[in-house]
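Engineer: Below is one structure. I have some questions about it.
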Amino acid sequence: MALETCGSCLSCLLIPLALWSIVVNILLYFPNGKALHAASYQLPSYVWYFEGICFSGVMILLLAVILMTLECSVFYRCCQSESCNKTYRSFISIVLALLGVAFSGYSCIIFTLGLIQGPFCNSSSGWDYIFKDTAGRYLTDYPAWSRCTEPANIVEWNVILLSILIALSGLQLIICFLKVAAELKRTLCGTYSVFVQAGIL
């Protein structure tokens, strides 16, 4: 019962998460608040995938708006029967929530891989991913962070922002899974009647 009650509020939770994802991803383009390295393309490759802006940002935002529209009582009736209408709405909501799982899951994976790879920075050997062969062990090797001389504090900048993005996309993933579960329960357990009546179509 609690899952069904919360189903309608889950879509609303996706909106602030998507907006924060967009903002945090944009910050990755400006290490220490400076646009110098973005202009010269001295940024990690994963930044240019735009996953935080497009997938866990704009796409999740659009899905949330559509899901909220579907939950609105003034939604257009797609067939003659109220039961059929609710069933179709529930089915569309499930499909959209599954898309949300795919978008947020993809973003979470890319952010995690980016965190493991480490930042693209200047060191004594030039510009490179100097932590790419550490399999993420550099995250606990704080003295090694000083090997990145430019941009200043780039390791801290990337670790903090990518960790936030992983958390945001992870929450989106959980919410979308809960949305799928809530709609499936409504459909299969009687909140929405699922049957085909003669003359519906």
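Readers should treat all values here as calculations from the given coordinates under stated rules, not as data from a laboratory. Since this is a predicted model, take the numbers as computed values, not measurements. In this analysis, Cβ positions are derived from the backbone assuming ideal geometry, glycine residues included, and neighbour counts consider all displayed protein chains.
Engineer: Could you list which residues have their amide H under 5 Å from that of LEU28, counting only those 5 or more apart in sequence or on another chain, with H placed in the peptide plane?
Structural biologist: none
Engineer: Order the peptides 15-21, 183-189 from the highest to the lowest mean number of other Cβ atoms within 10 Å of their residues.
Structural biologist: Answer by packing, highest mean first, reads 15-21, 183-189.
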